[in-house]
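The values are calculated or read from the model by the stated rules, or taken from the named source; none is laboratory data. For clarity, every value in this text was computed on a predicted model and none was experimentally measured. Neighbour counts are summed over all protein chains in view; Cβ atoms, including those assigned to glycine, are modelled from backbone coordinates with ideal geometry.
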Amino acid sequence: VLGFSAVNIYSTFGKKKTLLLNLRKRKNLLRNHSISSGKNILLLYHHYITIFHRGEESLTTRSSRFRRRQPARQCPGDPPPAPSMARRSQSSSSSRVWRHLSLSYYLRRPARLALLFLGFVAATIAAWDRLSLVRDYEAEISRLDEEVNRLHDQLRNAGIYLAEDANIGNIIKKHHLEVDPVSNARREKVKEAMLHAWNSYVKYAWGQDELQPQSKNGVNSFGGLGATLVDSLDTLYIMGLKDEFQKARDWVAESLNFDKDYEASVFETTIRVVGGLLSAYDLSADKIFLEKARDIADRLLPAWDTSSGIPYNRINLAQGRASNPRWNGGRSILADSGTEQLEFIALSQRTGDPKYQQKAENVIRQFQKIFPSDGLLPININPHSGTAESYSTITFGAMGDRKMWETSMEGLLSLTKKTSPSNFYYVCEKNGDSLSDKMDELACFVPGMLALGASGYSPEKAEQIMDLAKEDMVVGTSWNILRPETIESLMYLWRLTGNKTYQDWGWDIFQAFEKNSRIESGYVGLKDVKTGTKDDMMQSFFLAETLKYLYLLFSPPSFISFDEWVFNTEAHPLKIVTRHDSEGALGAVEGKGLADSVIQTLGRKHKTSFVEFDPFKV
Ligand code: DMJ
């Protein structure tokens, strides 16, 4: 009994000691980072250290008490040590052994009875001692753990993210400069909004593409690919919503099936599903996301099998039959063809298979051949000849996109006008030679794009581009379906200028969403912002983009830094590697040495870097 108790005590003690050692490690991390994080955190830190030392002293006391007790338990009143018992029993007959079990044997030998009694009492005390030891340590550890967690929360609320990683020093230093309690409080509100949107989707539309909040139903607007769920993966991860992410991940692993006899939009499926899965992979390093991304990309790939390499707009996911819709006269769309590079190049980088990159880069090569001098390609492209339809519209709104950037920015400047008398900028659309005074809400990404692109210019030109980016712009639509473009621009402008006015504008927009679009079962759009008439759709991009950009607008710029991540058009961040690195990884890829205008976002090579901001490790 004593031997058994001793082993138990030892192992329990060892386990608890390991736990305390882990806590000590976390304490050291906190010590490093708390010092630089202001008076309140320092106070908390001291409070923590006091408690921790109390715990440590207690551990030492108990440890020495425990060590002192060990020999004590061996001596007074203990039964003889096991080896001599063994020796004695070896020399005894079996009947002599059995009689030790008889009560009458002990009744005749009161001294031995007393010895047995003392042994029993000692074992009981040992067991009781062990239990109380375990209880004390458990209480102590859970108190210390609570303290550590509370401090982590304080640090996190102060904009400081900890990870047990060698690079932590740099991260924290950067974050330290960016602590802002107002932004932190706003960010928490955005997180709460994400939870409301997500929980509503889980409750009423789980596994379907989108939620119809008023009718409390799901709808498969993208062919039943779980669009909202896949679109939300990285947002959940970035916001540290671990359980929700895990649940979504399990659905992807077990239920996401692309074998659908459905004419899918190549563009929408690429930006939402391929982009969403790749981003989840880059963030979590969970291979299931890469497998699924590859599966859906393989099904989309036949869309690029045209004589020009310009992809078709639709494809049957089960049969691989591609086509362009009749409503667009059988032509391909500029925005589709010129946007999918990011996901397909990234996929080649992560899988080591160059075929995705080749298809996507061929498109840019074709655009180079037909690129006009003002850099403004129209929205419709013939997939067979690879030429632009000169009579079709030029727009930075729906169906248009950017490329050969610098040339087309000159073209963009020629499309800008100002309203009178309010003096707001807007970007016109062009039909033939005439400009039409229309700027739709999809073009609201323009200020962010200008701000992001300005850095590549000479100082004077950069200032001109930046000035235009900072101008107030006006759009001419009366509906609002919670699109992300304006918030996206504000996030870029705030990060690139450091001007907190952009955060305040974002906060105003968020509050307006909360007031006008939040209902008990999710978020809806407004058919008309003047009347406030609600629609019945929670768009998947609201969770993928709008809420993510809002969250980033109130986070330090080093959180998902522009130096390391690039966002696809659905706001899915992909880890950047340089073209040089990517060529090393891929070997001889056709398209190597292609013009610099091709986007250089080529996957994660070094796994270590994503612990740097990993909220799940906090
Ligand atoms: C999103 O799906 C993407 O941002 C896309 O590029 C444009 N439309 C919506 C958001 O408005």
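Quick one: would you say Ser255 is away from the ligand (no atom under 16 Å from the Cβ), surrounded by fewer than 24 Cβ atoms within 10 Å (Cβ to Cβ) and in contact (Cβ under 8 Å) with a residue 60 or more places away in the chain? I'd like the intermediate steps shown before the answer.
Details: away from the ligand (no atom under 16 Å from the Cβ): yes; surrounded by fewer than 24 Cβ atoms within 10 Å (Cβ to Cβ): yes; in contact (Cβ under 8 Å) with a residue 60 or more places away in the chain: no.
For Ser255, the condition - away from the ligand (no atom under 16 Å from the Cβ), surrounded by fewer than 24 Cβ atoms within 10 Å (Cβ to Cβ) and in contact (Cβ under 8 Å) with a residue 60 or more places away in the chain - is not met.
Of all residues in the range 569-580, count the ones that are more than 16 Å from the ligand (Cβ to nearest atom) and either closer than 19 Å to Arg483 by Cβ or within 16 Å of the chain's Cα centre (by Cα) (or both).
Count: 2.
Take the residues in the range 454-476 that are at pLDDT below 85 and closer than 19 Å to Ile394 by Cβ; name whichever of them is nearest to the ligand (Cβ to nearest atom).
Val475
With the checklist (1) part of a loop (DSSP other than H, G, I, E, B); (2) within 15 Å of the ligand (Cβ to nearest atom) in hand, flag the one item Leu550 doesn't pass.
It fails just one condition, (1).
Output the qualifying pairs, or none if there are none: Cβ atoms under 6 angstrom, residues six or more apart or on different chains, first residue in the range 425-446 and closer than 23 Å to Leu493 by Cβ, second residue part of a helix (DSSP H, G or I) and away from the ligand (no atom under 16 Å from the Cβ).
Once the first residue is closer than 23 Å to Leu493 by Cβ and sits in the range 425-446, its partners that are part of a helix (DSSP H, G or I) and away from the ligand (no atom under 16 Å from the Cβ) give Val427/Leu415; Cys428/Leu415.
Could you look through the range 436-448, keep only residues that are aliphatic (A, V, I, L, M) and within 31 Å of the chain's Cα centre (by Cα), and pick out the one that is farthest from the ligand (Cβ to nearest atom)?
Quick first cut of the range 436-448, residues aliphatic (A, V, I, L, M) only: 439, 442-443, 446.
With the extra rule that they be within 31 Å of the chain's Cα centre (by Cα), the set shrinks to 442-443, 446.
Numbers: Leu442: 6, Ala443: 10, Val446: 13 Å.
Among residues in the range 436-448 that are aliphatic (A, V, I, L, M) and within 31 Å of the chain's Cα centre (by Cα), the one farthest from the ligand (Cβ to nearest atom) is Val446.
Does Ile310 satisfy the criteria of being touching a helix residue (DSSP H, G or I) at 6+ places or on another chain (Cβ under 6 Å) and not in a helix (DSSP H, G or I)? Working first, answer last.
Details: touching a helix residue (DSSP H, G or I) at 6+ places or on another chain (Cβ under 6 Å): yes; not in a helix (DSSP H, G or I): yes.
It is true that Ile310 is touching a helix residue (DSSP H, G or I) at 6+ places or on another chain (Cβ under 6 Å) and not in a helix (DSSP H, G or I).
Kindly indicate whether Ala388 is buried (at least 24 other Cβ atoms within 10 Å of the Cβ) and of a type in the set (A, V, I, L, M).
Working: buried (at least 24 other Cβ atoms within 10 Å of the Cβ): no; of a type in the set (A, V, I, L, M): yes.
Taking the combined requirement at face value, the residue does not satisfy it.
Return a yes/no flag: does the range 258-281 have any residue that is touching a Lys or Arg at 6+ places or on another chain (Cβ under 8 Å), over 17 Å from Glu570 (Cβ atoms) and in a strand (DSSP E or B).
Filtering the range 258-281 for residues touching a Lys or Arg at 6+ places or on another chain (Cβ under 8 Å) gives 258, 263-266, 277-278, 280-281.
Subset that is over 17 Å from Glu570 (Cβ atoms): 258, 263.
Imposing the further condition that a residue be in a strand (DSSP E or B) reduces the set to 263.
Yes: one or more hits.
Please give the number of the condition Val566 fails out of (1) within 16 Å of the ligand (Cβ to nearest atom); (2) under 22 Å from Asp472 (Cα atoms).
Only one criterion in (1) within 16 Å of the ligand (Cβ to nearest atom); (2) under 22 Å from Asp472 (Cα atoms) is unmet by Val566, namely (2).
Residue under question is Gly223, and the condition is that it be at pLDDT 95 or above, away from the ligand (no atom under 16 Å from the Cβ) and not basic (Lys, Arg); does it hold?
Details: at pLDDT 95 or above: yes; away from the ligand (no atom under 16 Å from the Cβ): no; not basic (Lys, Arg): yes.
No: the conditions fail for Gly223.
Please list, ordered by first then second residue, the pairs with beta carbon atoms under 8 Å, 6 or more apart or interchain, first in the range 560-586 and part of a strand (DSSP E or B) and at pLDDT 75 or above, second away from the ligand (no atom under 15 Å from the Cβ) and basic (Lys, Arg).
So the pair list comes out as Trp565/Lys575; Lys575/Arg604.
Mind checking whether some residue in the range 424-435 is within 16 Å of the ligand (Cβ to nearest atom), farther than 21 Å from Glu406 by Cβ and among the hydroxyl-bearing types (Ser, Thr, Tyr)?
no
Does at least one position in the range 513-528 carry a residue that is crowded, with 24+ Cβ neighbours inside 10 Å and more than 16 Å from the ligand (Cβ to nearest atom)?
Yes - at least one qualifying residue is present in the range 513-528.
Could you tell me which of the residues Ser436, Ser489 is more than 30 Å from Ser183 (Cα to Cα) and of a type outside the set (A, V, I, L, M, F, W, C)? If you could, list the steps in order and put the result at the bottom.
Numbers: Ser489 fails: more than 30 Å from Ser183 (Cα to Cα).
Testing whether each residue is more than 30 Å from Ser183 (Cα to Cα) and of a type outside the set (A, V, I, L, M, F, W, C) leaves just Ser436.
Filter the range 268-308 down to residues that are small (Gly, Ala, Ser) and within 16 Å of the ligand (Cβ to nearest atom) and give me whichever is farthest from Arg321 (Cα to Cα).
Ser279
Scan the range 195-210 and report the pairs whose first residue is within 17 Å of Ser255 (Cα to Cα) and whose second residue is modelled with pLDDT of 95 or more and among the aromatic types (Phe, Trp, Tyr), with Cβ atoms within less than 7 Å and a gap of 6+ or a chain change.
Pairs that qualify, where the first residue is within 17 Å of Ser255 (Cα to Cα) and the partner is modelled with pLDDT of 95 or more and among the aromatic types (Phe, Trp, Tyr), are Gly207/Trp251; Asp209/Phe222.
Among the numbered criteria (1) crowded, with 20+ Cβ neighbours inside 10 Å; (2) within 14 Å of the ligand (Cβ to nearest atom); (3) under 18 Å from Thr569 (Cβ atoms), which single criterion is violated by Ala451?
It is condition (2) that Ala451 fails.
Kindly indicate the residue of the range 328-346 that is under 18 Å from Thr393 (Cα atoms) and charged (D, E, K, R) and also surrounded by the most Cβ atoms within 10 Å (Cβ to Cβ) among those meeting that condition.
Top of the filtered list is Asp336.
Check off (1) among the small types (Gly, Ala, Ser); (2) under 20 Å from the mean Cα position of the chain (by Cα); (3) under 30 Å from Ile333 (Cα atoms) for Ala197 and give me the number that stays unchecked.
Looking at each condition in turn, Ala197 falls short on (3).
Results for (1) under 24 Å from Glu545 (Cβ atoms); (2) in contact (Cβ under 8 Å) with a residue 12 or more places away in the chain; (3) buried (at least 21 other Cβ atoms within 10 Å of the Cβ), shown as yes or no for each residue.
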site	(1), (2), (3)
Leu236	yes, yes, yes
Leu241	yes, yes, no
Ser284	yes, yes, no
Asn313	yes, yes, yes
Ala322	no, yes, yes
Arg326	no, no, no
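Give just the number: which of (1) closer than 25 Å to Pro372 by Cβ; (2) at pLDDT 95 or above does Gly329 not satisfy?
Evaluating Gly329 over (1) closer than 25 Å to Pro372 by Cβ; (2) at pLDDT 95 or above leaves (2) as the failure.
Looking for whichever is small (Gly, Ala, Ser) and under 24 Å from Asp433 (Cα atoms) here; the options are Gly309, Gly329. Which one fits?
Numbers: Gly309 fails: under 24 Å from Asp433 (Cα atoms).
Just one listed residue meets the conditions, Gly329.
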